[in-house]
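Read-outs throughout are calculated quantities, based only on the coordinates presented, and are distinct from any laboratory measurement. Since the structure is predicted, the reported quantities are computational estimates derived from the model, not experimental observations. For neighbour counting, all protein chains shown are included, and Cβ atoms are generated from backbone atoms with ideal geometry for every residue, glycine included.
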Amino acid sequence: MSADDNKGSAQVLRALRMVTCLAAEPLRGLSNKDLAEALHVPPSYITRTAESLVEAGWVMKDETTGRFRIAREAARVGIKTMAALDQHEKQLAEVRRNFTITD
């Protein structure tokens, strides 16, 4: 694996961890400093990662407070996943019923 691959992987993992942290504070959000401390990275890493997440619609920045919050796109992904899991659960229940019906 090249150094660029390692760097890219680290950025993706940091972004995912950042979204997870922000999901725990949807109303209040977290500051750059809060996120840097939680993720054990320099604040500059948070700034760069947040820029990408804001651009993707997963994170928003409150310009008044400077705090980052989870955005609608991240919430939509969670809701879509739960809906899909519910649908699969119903399908699995139907398959189980079909195998347990006795004549």
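Some observations on this one:
- When the alpha carbon gyration tensor of the chain is reduced to an equivalent ellipsoid, its three semi-axes come out at 38, 18, 11 angstrom, largest first.
- Charge dipole magnitude, Cβ of K and R +1, D and E -1 - the chain, Cα centre, debye nearest 20: 160 debye
- Within a Gaussian network of the chain (alpha carbon springs, distance under 10 Å), most fluctuating of ALA24, ALA74, ALA15: ALA24
- Alpha-carbon centroid distance for the pair the stretch 67-101 / the stretch 26-52, whole angstrom: 29 Å
- Kyte-Doolittle mean at least -1.0 and Cα axial length at least 27 Å: DSSP H helices in the chain: 3-23, 72-100
- Count Lys and Arg as plus one, Asp and Glu as minus one, and take only other residues whose Cβ is under 15 Å from that of PRO26; the net charge is then +2.
- Among LEU53, ILE79, LEU39 - extreme Cα towards positive end, dipole of the stretch 3-100, charges at beta-carbon: ILE79
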